[in-house]
Amino acid sequence: MNDSAPIKTAPAKPESALKKQHLIDPEICIRCYTCESMCTPGAISHDDLNVVVDFAKCNYCMDCISPCPTGSIDVWRIVDAPYSLAEQLTWTEVPAQVDFGEAASAITESLDADVGALLEKAHSGTGGKPIAPASASKPSVNLFSRAKPAIATVQGNFRITAASAENDVRHIVLSFGDTVFPVLEGQSIGIIAPGTRSDGRPHDLRLYSIASARDGEKRNANNVSLTIKRVDGGVASNYMCDLKVGDKVHVTGPFGATFLMPNDAAANVIMICTGTGSAPFRAFTERRRRAMQNAPGKLVMFFGARAPEELPYFGPLQKVPESLLKTHFAFSRIPNQPKEYVQDRMRKVASSIAPMLLSSSTHIFICGLKGMEAGVDEALADMCRANSLDWTKLKPDMRSQGRYHVETY
Ligand code: A2P
C-alpha cells in the first residue's frame, strides 16, 4: 500500500473473502486521462469529477502505472466488497484501509507483496514513479472542483507571439479576488468552458500550467497567469483566448504534486520546453528572481519554437539577465536555415550541460510536445556517453530522487 491513511477495523473476514482493488487518488490526480488511454481492458473511465477503475474489468496489467505523471494511479486497498464505480465517482479522497483483523493478515501481506512486485515491474522500464523534488513546498491540490469551482476574474489577456506569427499564444491573468487559491510553481489549474458539447454533456475540463510564481503575477497579488495557444476548433483554448478583462471564469484545482520547483537555492534546474510548455519555467524563473537572489544553483532553459516571432515571451526573455537564467533557443522554421530542435541545441552546448549532470543538485524538467521526449532522451544519453556517465542508470536515479520530471502532451 502506498499511503499512510489511518486503518479502520472491521469484523474479521476469512482470507478467501478478501481481494486487492486498484483505485485512483482524486486528491492528486490531475485529470490528464493518460491512464484511461493506456488501459487495454477498458477498466478506467471518468466523469466530470473523478477518474475511476472498474474492479470487474481491471486485470492488473499495470500499463497505466508508469505513464501517470503524478502517482495518483498508485493506490491499492484490500477489500471484502470492492468499491463500485458510483462510489468512486463521489470521492474527494480514497477511504482508509479497513483492518480485517488477524485472520486476514496473511492474505493482506501476500496481496501487498503481489502489488509490490507488479509495481516494480511496471516502473522498471521507466525508472520509477514521479516524485516531487525533496526541497519542494507541499502543494495544495483539488481545493476546487467542477461542482464547486473558484470564480476568477480576467485581469488581462494579451498576445505574446508577434502579430505576424502563425501561433496566437496569449498571456492571460486571472484574479481570485477574496478566494484563497494557493498555488506552487509547476502546478496547473483546470478550466471549464461554459456551454455543452453536441451530445448535451458539459465540456471537458482542460488543464493549463501556471506561468506565474506562487505569490502572484505581480508580487502579493492573488492571481495567476497562464500561457495559452489558440488551437483550431479547440473549445477551451478559443474560449480562453477570447476572454475580455472583467469576464468570469470557472477554475478547478490546483493540480499537480510532483512537477514542482525545488526550493533549494543550490539546485541547478535544466528546463527543456517547446511552445506553451514554457509556462511553468516562467514561474520557476520568477520564483528564483523573487525569493532566491544570488542563488548558487543555475537555471538553464532550452526553448524550441518555429521562429523568434512564434516563441512566447521572446522579447521579455531576452531581457532576463544571464546570471538568473541562461537561455538556449532552437528554431525549426527560419527560412534558409537548417531546422533545429531543442535536442539539437542541447548537443551543441553539451560541454556546459554535461558537468551539471554530474551534480546531485541538478534537476531536469521537460514540458511541451510529447514528440520531443524521445529526442531529448537521446541527446541526454549521448551527452552522458561522452562524459563517462550512463544515462540508463542516471535517469532512473534522478527520477527516484525527484530530480527528473516530464510533463508532455
Ligand atoms: P516543427 O517546425 O517541426 O513543427 P509549435 O509551434 O507547433 O507549438 O511547435 C513548437 C516547436 O517544437 C516547433 O519548433 C516544432 O518544430 C518543434 N517540434 C516538433 N516536433 C518536435 C520533436 N519531435 N522534438 C523537438 N521539437 C519538436
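Descriptive notes on the structure:
- Residue among Gly368, Gly246, Gly156 with the largest mean-square fluctuation in a Gaussian network model of the chain, springs linking Cα atoms under 10 Å: Gly246
- Annotation for Glu373 and Ser351: the two label points, set 7 Å from Cα along the Cα-Cβ direction, are 3.3 nm apart.
- Here the chain has 53 percent of its accessible surface on carbon and sulfur atoms, given a 1.4 Å probe and all protein chains in place.
- Inter-probe distance in nm under a simple model that places probes 7 Å from Cα toward Cβ, at Leu324 and Asp48: 4.0 nm
- Here Asp168 and Ser388 are evaluated by their C-beta separation; at R0 = 51 Å the FRET efficiency comes out at 0.65.
- Efficiency of FRET between Ala265 and Asp199 - r from beta-carbon atoms, R0 56 angstrom, step 0.05: 0.65
- Estimated FRET transfer efficiency (Ser400, Asp232; beta-carbon r; R0 30 Å; 0.05): 0.15
- Net length gained if the chain between Asn294 and Ala221 were fully extended (0.36 nm per residue, minus Cα distance): 23.9 nm
- Beta bridges from DSSP with both residues in the chain: antiparallel share about 60 percent, rounded to the nearest 5.
- Accessible surface computed residue by residue for the stretch 232-373, with neighbouring protein chains in place and a 1.4 Å probe, gives 42 Å² per residue.
- The accessible area of Thr70, taken with all protein chains in place and a 1.4 Å probe, comes to roughly 10 Å².
- Among Ser110, Ser137, Ser225, the residue with the largest mean-square fluctuation in a Gaussian network model of the chain, with springs joining Cα atoms closer than 10 Å, is Ser110.
- DSSP-assigned coil residues among trypsin sites (Lys or Arg not before Pro) in the stretch 289-382, each with at most 13 further Cβ atoms within 10 Å: Lys319, Arg333, Lys339, Lys370
- Result for the chain in a Gaussian network model with C-alpha springs under 10 Å: among Met292, Met62, Met301, the largest mean-square fluctuation is at Met292.
- The modelled label-to-label distance between Ser105 and Ala56, using points 7 Å beyond Cα along the C-beta direction, is 3.6 nm.
The values are calculated or read from the model by the stated rules, or taken from the named source; none is laboratory data. Bear in mind that the values here come from a model prediction, so they are computed numbers and not experimental data. Every residue, glycine as well, gets a Cβ built from its backbone with ideal geometry; the counts of neighbours run over all protein chains shown. For the accessible areas, the whole protein counts, side chains as well, though only heavy atoms, and no ligand, DNA or RNA atoms are used. Shrake-Rupley method; radii C 1.70, N 1.55, O 1.52, S 1.80 Å.
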